[in-house]
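Quick notes on the structure that follows.
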Amino acid sequence: QVQLVESGGGLVQAGGSLRLSCAASRSIGNFNFMGWYRQAPGKQRELVAGFIGGGSTNYADSVKGRFTISRDNAKNTVYLQMNGLKSEDTAVYYCNALYFAHAYWGQGTQVTVSS
């Protein structure tokens, strides 16, 4: 069983920055995947960024060059640094981990970007 706790969402003006954190209840070093999804109203949940297996990263095209995912294995935490935020980044952001073929989700944190 894995618990994921997100923090760091909020309201920010367009062009601003936010950093999201996701703390896991166990070591993240063995996760097959750990990263962030988001879901805007009326839209499907989509991958934003994530670490795959041994450490390679994957980003959605829409956030490349603006968002950076990082992790601190000692703290079992993954971060999402979001710069140059746009109104279209407004969504609920969910932390996700894949461990032994089971997917775990955090409760979600709201990010709202005002234009």
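Data table
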| quantity | calculated |
| --- | --- |
| Carbon and sulfur %, accessible surface of the chain computed with the full protein complex present, 1.4 Å | 47 percent |
| Stokes-Einstein diffusion coefficient of the chain, Kirkwood radius over Cα pairs, 10 °C, 1.306 mPa s, in µm²/s | 114 µm²/s |
| Table column - 3J(HN,Hα) (Hz), the stretch 39-50, Karplus curve with 6.51, -1.76, 1.60, x for Gly and Pro | 9, 8, x, x, 10, 6, 5, 10, 6, 9, 6, x |
| Local electrostatic count, I28, Cβ distance below 12 Å [Lys/Arg +1, Asp/Glu -1] | +2 |
| Sparsely packed trypsin sites (Lys or Arg not before Pro) within the stretch 1-101, loop by DSSP, other Cβ within 10 Å at most 16 | R26, K43, R45, K64, R66, K86 |
| Relative contact order computed over the chain (Cα-Cα under 8 Å; 6+ residues apart), in percent | 37 percent |
| Anchor K64: lysines whose Cα lies under 24 Å away (excluding residues fewer than 8 positions away in-chain) | K43, K86 |
| For the chain: accessible area per residue (Å², 1.4 Å) | 52 Å² |
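The values are calculated or read from the model by the stated rules, or taken from the named source; none is laboratory data. Because the structure is predicted, anything quoted here is derived from the model rather than measured. Neighbour counts are summed over all protein chains in view; Cβ atoms, including those assigned to glycine, are modelled from backbone coordinates with ideal geometry. All accessible areas refer to the heavy atoms of the entire protein, side chains included, with ligands and DNA or RNA removed. Shrake-Rupley method; radii C 1.70, N 1.55, O 1.52, S 1.80 Å.
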